[in-house]
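K.L.:
My questions all concern the structure below.
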Amino acid sequence: MKIDASFVRVVFGLTLLSLGGRATSAGTSCTEPEHRRLDFWVGDWDTYEADARDKVVARTRVDEILGGCALRETYEGADGLTGQSFTIYDASRKVWHQSWVTNKGQLLQIEGRFQGDRVTLQGPQLAPDGQATLVRGVWSPEAGGVRETAHTSKDGGVTWQPLFDIFFKRHEATVPPETSDADRSAVETLTQLNREYVDAFMKADVSWYREHLADDFVCIESSGAVLDRDAFLHDAASGPDVARYDLADVRVRVFGDFALVHATGRFTRRDGTQGTSRYTDAYALENGRWKAVSAQITRSAE
């Protein structure tokens, strides 16, 4: 969350596991609906000023951690400000709590509740002289991404002044300026196919794979096993071995009728353990359509 001129980071962060929760939430599952209400913020984001969405001001990654019981935000601002926040729903008090720290030694802790699909968190920010300023942040889903606004008050909440207003948009692979129109179009198509590939994996959508995998498709798994198209389709039909998968960095490289998609994903297994996967998919243009001809994936524990 950027609070002074630079602490107004374009993204608040959300919630740190409170110590009190250790004693009261033992045995509590984090799969209940209230724990999942902020999941719309999970992802790899380019961050913009809400009224100037043509210039990225920060890169923000929001991950589920601790078996899905908390969110961790990593903020890297173009102005040099970096920070992390941790967010959790404290079931013992029925409030959302957020702690935010930066490379400038700043700390902010705010709490609040959801109203509809919006969460509002508020708390005091202490200046070096001990003077307290109230900071209030609001997160809400918006078409194409997530909106975050913040205001401050120096009179205990009687009046409020704007602090920042930012918009998070899913990070997409960058295309070099010198890229031809044809290759630029291919990058857009392959970026979309990559998202659909992951969605098909999570939904066990074999029909998508039948349509988009080449006849001689080969997959090399993290274990070193090699699957041909039929074996891959059989595995896909059995359903995913993870409960959640979020794309992070995606890079598309086009070489005429051939292309490579490199990506990183963060996954959560059904037992709550987490890890990271990195993969490279190769595509070839066949009769005007891109088809995956090979895939290679490596997984590692968090």
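The values are calculated or read from the model by the stated rules, or taken from the named source; none is laboratory data. The structure displayed is predicted, hence computed values, not measured ones. Note that each Cβ is placed from the backbone with ideal geometry, even for glycine, and that neighbours are counted across all protein chains shown.
K.L.:
List the strands (runs of 3 or more DSSP E) that sit entirely inside segment 181-298 and contain at least 2 residues that are of a type in the set (D, E, K, R), surrounded by fewer than 18 Cβ atoms within 10 Å (Cβ to Cβ) and within 26 Å of the chain's Cα centre (by Cα). Spell out how you get there, then give the answer.
P.N.:
On the way: elements: 213-220, 226-228, 242-255, 258-269, 274-286.
Filter on segment 181-298 gives 242-255.
For every residue, the table says whether it meets (1) touching a Gly at 6+ places or on another chain (Cβ under 6 Å); (2) under 18 Å from GLY83 (Cα atoms); (3) assigned to a strand (DSSP E or B); (4) not hydrophobic (A, V, I, L, M, F, W, C).
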position: GLY105; (1), (2), (3), (4): no, yes, no, yes
position: PHE114; (1), (2), (3), (4): no, no, yes, no
position: THR120; (1), (2), (3), (4): yes, no, yes, yes
position: LEU134; (1), (2), (3), (4): yes, no, yes, no
position: VAL138; (1), (2), (3), (4): no, no, yes, no
position: VAL158; (1), (2), (3), (4): no, no, no, no
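K.L.:
Listed residues ALA182, ALA173; which is under 24 Å from LYS291 (Cβ atoms), in contact with a Ser or Thr (Cβ under 7 Å, 6 or more places away or on another chain) and at pLDDT below 90? Don't jump to the end; show me each part of the working.
P.N.:
Details: ALA182 fails: in contact with a Ser or Thr (Cβ under 7 Å, 6 or more places away or on another chain).
When all the criteria are applied, what remains is ALA173.
K.L.:
For the condition surrounded by 15 or more Cβ atoms within 10 Å (Cβ to Cβ), under 27 Å from ASP51 (Cα atoms) and at pLDDT below 95, what is the one hit in THR133, THR120?
P.N.:
It is THR133.
K.L.:
Right, another one. Being in contact with a strand residue (DSSP E or B) (Cβ under 6 Å, 6 or more places away or on another chain), closer than 19 Å to PHE164 by Cα and modelled with pLDDT under 90: is that true of PHE12 here?
P.N.:
It is true that PHE12 is in contact with a strand residue (DSSP E or B) (Cβ under 6 Å, 6 or more places away or on another chain), closer than 19 Å to PHE164 by Cα and modelled with pLDDT under 90.
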